[in-house]
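J.: Let me give you the structure first, and then I'll get to my questions.
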Amino acid sequence: MNRHAEKLIVLGAALALLGCHDQPVPTEPHARGMLAASVTPADPAGRHLVVFTAQGVPADFGDRVAQLGGSVEAEVDSIGVAAVTGLSEDAAAELAAAADIRAVEPDPMTRPRDDGEDTDGLADEAVSEAAVAADATASPTAAQFYARQWNLRAVFAPDAWAAGFLGSRDVVVAILDTGIDYTNPDLAGLVDLDRSISFVPEDVTRHYPGRLPFSDLFWHGTAVASVVASNAILLAGVNRYVTLLAVKVADSTNNHTVGRLISGIVYAADQGADVINLSRGSERHKSQSPGFVAAFERAVNYAFRKGALVVSVPFNDGADLDHNGDIARLPCEAANAICAAATGPTGAAGLNGPWENVDARAPYSAFGRSAVSVAAPGGAGEVGQFRRMWTICTTTPTATTGAPACRAHQAIAQPAGTSFAAPHVAGLAALLVAQLGHGNPALIRARILQSADDLGEPGVDPYYGKGRVNVARALGLIK
């Protein structure tokens, strides 16, 4: 059995576990500043991903799994994938021998290990009452802390807003993450409360009465969502108007499984999402885990056929993806997805700038022509250097919330990572859907790639892909 671990770069103002992913334990360390989180080879719960030879899940599959001592956690019938728990290694091997099954592979739950990282330098912002009561129709530039959002100016979002491109509530962007704090004033009214869902068996409603199951008990999903869209009270988002779909695939300690990511992609597509943001992913050896590769490719292709563009990340370990052998990082490297590397300033004079070289590649961002589609702001620098992103925090009052900066008594945080490059791209995709129409992710993807500012080496660059995204050029406002 393969051993797996989750490597998470510490880049935020607190425990900034961004661009999350799980992967086999490397034989040689190739990243700096990593948190490692290990799991047992087969996972104590006997968790496995099952990929069938054809589309669909057989009607008797639940009975077959039960006879082997396990249970079915999820069936994704539309792409022929299932997630099961409780199987021993022998039982998994017996299941895999069936003629209608292509692969049965371990799907462990990953858990970041707390190495006691320093949480000093957290953003403890005073929120003015005037800002909270701001006019909901005001320009995103009227947000209280907009002055420090170098990232939005770097992608020319203000040019789009000035021309009237503020987004549309008819466009649906699914955020597959730790949930969304739909009560936060900057996100209130943007989240579809009826169609949002949790694939995580956390008893949110029992422990936090009045909160819906997809509430964010960590912080990451709320932060990612706030880059895509915001009511622009504290911080601006790429869109002022959009419909966010919270698809909770990771729990209060940022745990996720491949099965939940796959289920989340298909669910979002079935709910009519135009864009699916997945600021996390997984890594496996292609030859050792062909089922893993097939499952992700099926899910991304299914979403694409349904009209949804999947946007993901290459991870935060600085790895050279052109020279990583048999490794696959998904959904980043799926054929129809967009994979966003991160950029960030090399210097800043203060909270409100000025900033130096905002298009510099972020040193933590993985790279490679074979994987990176485009680049977008993710932030860089150490805490207090003002070169990071600014994002909205979750207000759920829980001690398990990952970043102390994102507890109820504080409003915004200063993280960094490829996790935040992706929602810039997803936000641009949402603006393009509003302009060009629904149901054509190929057109949206092509427009994003063709309109990017060519940085680095001419043409496709290993650090920038086709270039750093340009919102104004993508919308046809500049040439």
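The values are calculated or read from the model by the stated rules, or taken from the named source; none is laboratory data. Computed from a predicted model, the values in this text were never measured in an experiment. All Cβ positions, even for glycine, are placed from backbone atoms using ideal geometry, and neighbour counts span all protein chains on display. Remember, those area values only see protein heavy atoms, side chains included, never the ligands or the DNA or RNA. Shrake-Rupley method; radii C 1.70, N 1.55, O 1.52, S 1.80 Å.
J.: Exactly one condition in (1) in a loop (DSSP other than H, G, I, E, B); (2) on the phi < 0 side of the Ramachandran plot; (3) of a type outside the set (F, W, Y) is false for S226; which is it?
T.: S226 satisfies every listed condition except (1).
J.: Moving on. Looking at L234, L190, which one is in contact (Cβ under 8 Å) with a residue 60 or more places away in the chain, crowded, with 24+ Cβ neighbours inside 10 Å and out of contact with any Gly (no Cβ under 7 Å at 6 or more places or on another chain)? Spell out how you get there, then give the answer.
T.: Values: L190 fails: in contact (Cβ under 8 Å) with a residue 60 or more places away in the chain.
Being in contact (Cβ under 8 Å) with a residue 60 or more places away in the chain, crowded, with 24+ Cβ neighbours inside 10 Å and out of contact with any Gly (no Cβ under 7 Å at 6 or more places or on another chain) holds for just one of L234, L190, which is L234.
J.: Next question, about the same structure. Could you grab the pairs with beta carbons closer than 6 Å, sequence gap of 6+ or different chains, first residue in region 368-380 and under 11 Å from I448 (Cα atoms), second one part of a loop (DSSP other than H, G, I, E, B) and of a type in the set (G, A, S)?
T.: Here the result reads V374/A452, each pair linking region 368-380 to a residue that is part of a loop (DSSP other than H, G, I, E, B) and of a type in the set (G, A, S).
J.: Being assigned to a loop (DSSP other than H, G, I, E, B) and either acidic (D, E) or at negative phi (or both): is that true of I180 here?
T.: yes
J.: Does D124 count as at pLDDT 50 or above, in a loop (DSSP other than H, G, I, E, B) and open to solvent by 60 Å² or more (accessible area, probe 1.4 Å)? Even if it seems obvious, please write down each step before you answer.
T.: Working: at pLDDT 50 or above: no; in a loop (DSSP other than H, G, I, E, B): yes; open to solvent by 60 Å² or more (accessible area, probe 1.4 Å): yes.
Spelling it out, it is not the case that D124 is at pLDDT 50 or above, in a loop (DSSP other than H, G, I, E, B) and open to solvent by 60 Å² or more (accessible area, probe 1.4 Å).
J.: Hey, another quick one. Residue by residue through region 45-90, note down the ones that are charged (D, E, K, R) and either touching a strand residue (DSSP E or B) at 6+ places or on another chain (Cβ under 7 Å) or in contact (Cβ under 8 Å) with a residue 12 or more places away in the chain (or both).
T.: Scanning region 45-90 gives R47, R64, E73, E75, D77, E89.
J.: Here's another thing I want to ask about it. From (1) hydrophobic (A, V, I, L, M, F, W, C); (2) in contact with an Asp or Glu (Cβ under 7 Å, 6 or more places away or on another chain); (3) farther than 19 Å from N336 by Cβ, pick out the condition that doesn't hold for V258.
T.: Only one criterion in (1) hydrophobic (A, V, I, L, M, F, W, C); (2) in contact with an Asp or Glu (Cβ under 7 Å, 6 or more places away or on another chain); (3) farther than 19 Å from N336 by Cβ is unmet by V258, namely (3).
J.: Can I ask one more? Counting only residues that are free of Cβ contacts under 8 Å to residues at least 60 places away in the same chain and not in a loop (DSSP other than H, G, I, E, B), how many does region 193-210 have?
T.: 4
J.: Residues of region 457-479 being within 18 Å of F165 (Cβ to Cβ) and open to solvent by 30 Å² or more (accessible area, probe 1.4 Å), which ones? Reasoning before the result, please.
T.: Our first condition is that a residue be within 18 Å of F165 (Cβ to Cβ); within region 457-479, this holds for 469-479.
Within region 457-479, R473, G476, L477, I478, K479 meet the criteria.
J.: Consider G402 carefully, then state whether it is over 25 Å from I233 (Cβ atoms), open to solvent by 10 Å² or more (accessible area, probe 1.4 Å) and at pLDDT below 95.
T.: The answer is no for G402.
J.: Next up: So which residues in region 425-456 are charged (D, E, K, R) and either surrounded by 22 or more Cβ atoms within 10 Å (Cβ to Cβ) or more than 14 Å from D359 (Cβ to Cβ) (or both)?
T.: R445, R447
J.: Which count do you get for residues in region 239-269 that are more than 16 Å from the chain's Cα centre (by Cα) and part of a loop (DSSP other than H, G, I, E, B)?
T.: Counting residues in region 239-269 that are more than 16 Å from the chain's Cα centre (by Cα) and part of a loop (DSSP other than H, G, I, E, B) gives 1.
J.: Given A99, A82, A147, A91, which one is at pLDDT 60 or above, over 17 Å from Y241 (Cβ atoms), open to solvent by 30 Å² or more (accessible area, probe 1.4 Å) and not in a loop (DSSP other than H, G, I, E, B)?
T.: Working: A99 fails: not in a loop (DSSP other than H, G, I, E, B); A82 fails: open to solvent by 30 Å² or more (accessible area, probe 1.4 Å); A91 fails: open to solvent by 30 Å² or more (accessible area, probe 1.4 Å).
Within the list A99, A82, A147, A91, the selection yields A147.
J.: For the structure I just gave you, tell me whether G272 is outside any helix (DSSP H, G or I) and either more than 18 Å from the chain's Cα centre (by Cα) or under 24 Å from V84 (Cα atoms) (or both). So that I can check it myself, show each step before the final result.
T.: Numbers: outside any helix (DSSP H, G or I): yes; either more than 18 Å from the chain's Cα centre (by Cα) or under 24 Å from V84 (Cα atoms) (or both): yes.
When the stated conditions are applied, G272 passes them.
J.: Name the pairs whose Cβ atoms lie under 8 Å apart, with the first residue in region 319-347 and touching a residue at least 40 places away in the same chain (Cβ under 8 Å) and within 17 Å of G378 (Cβ to Cβ), the second hydroxyl-bearing (S, T, Y) and open to solvent by 50 Å² or more (accessible area, probe 1.4 Å), and 6 or more positions between them or separate chains?
T.: Listed by first residue and then by second, the contacts come to L321/S370; A341/Y463.
J.: Tell me yes or no: at least one residue of region 159-178 is at pLDDT 95 or above, among the polar types (S, T, N, Q), within 14 Å of V224 (Cβ to Cβ) and open to solvent by less than 10 Å² (accessible area, probe 1.4 Å).
T.: no
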